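S.K.: Dropping a structure here in structure tokens format, bear with me for questions.
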Amino acid sequence: MGRSFVSLTNPRTIAGFVLAGGASTRMGQDKALLAIQGVPMASRVASVLVTAGCDPVALVGRQPELHGLGWTVIPDPDVASTHHPLLGIGAALHAMACEMALFVPCDLISIRPDAIKTMLVHNAPCVASSAGRIHPLVALLPKTWAKRALEFAAAQASVHSFVEGLPNIALPESQMQNANHPEDLPGLSAFGPS
């Protein structure tokens, strides 16, 4: 299954975080745990980050089931009933020793290492784009933005406003398709023991 990283302490590398704490309301069930060809979506993306050179790699989410995937999990603060993706980003940035981290949501099922490497070689804060569209949750961010992420979340500010002004790194549109509905998933099967 996935590799488990127990240390987030190497400051000379770029960490990789899979955002896996979303509500998955359009999917109807937790996307992070849905399996494609036997591999949960969160693990698929985490493996791509490892292959591309991110180190360490961890999942960010609040679901206890994430711990069963074999990856380090950064708890995504669940503030009352409101959820904001920047809460998880802030928590991950705060938890790491690295100076930079790449964030990718678990539902980018077609993302490949070459796209991740394109972001990593930039080696400075940036955000992904494709076909003229910004993908604010695919971003390379500095550790120093941890507090900023939490402040934007507290203000219920948009993720787009959080990454506004960052350089855009063009990635292939074919790799930037979100799986938001069951029909978006090839070979869908529920993750869990048989």
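Every number here is computed from the coordinates shown, using simple stated rules; none is lab data. Remember, it's a predicted structure, so these values are computed and weren't measured experimentally. Using ideal geometry, Cβ is built from the backbone for each residue, glycine included, and neighbour counts are taken over all protein chains shown.
S.K.: How far apart, in nanometres, would the label points at Arg112 and Ser174 be if each is projected 7 angstrom from Cα along the Cα-to-Cβ direction?
M.R.: A separation of 0.7 nm, rounded to one decimal place.
S.K.: Starting from the eigenvalues of the Cα gyration tensor, five times each then square-rooted, give me the equivalent ellipsoid semi-axes of region 56-115, largest first, whole Å.
M.R.: Working: eigenvalues 74, 44, 33 Å².
Sorted largest first and rounded, they come to 19, 15, 13 Å.
S.K.: Whose amide H sits under 5 Å from the amide H of Thr72, counting only residues 5 or more places off or on another chain, with H placed in the peptide plane?
M.R.: For Thr72, whose amide H was placed from the backbone, the distant partners under 5 Å are Phe5, Leu59.
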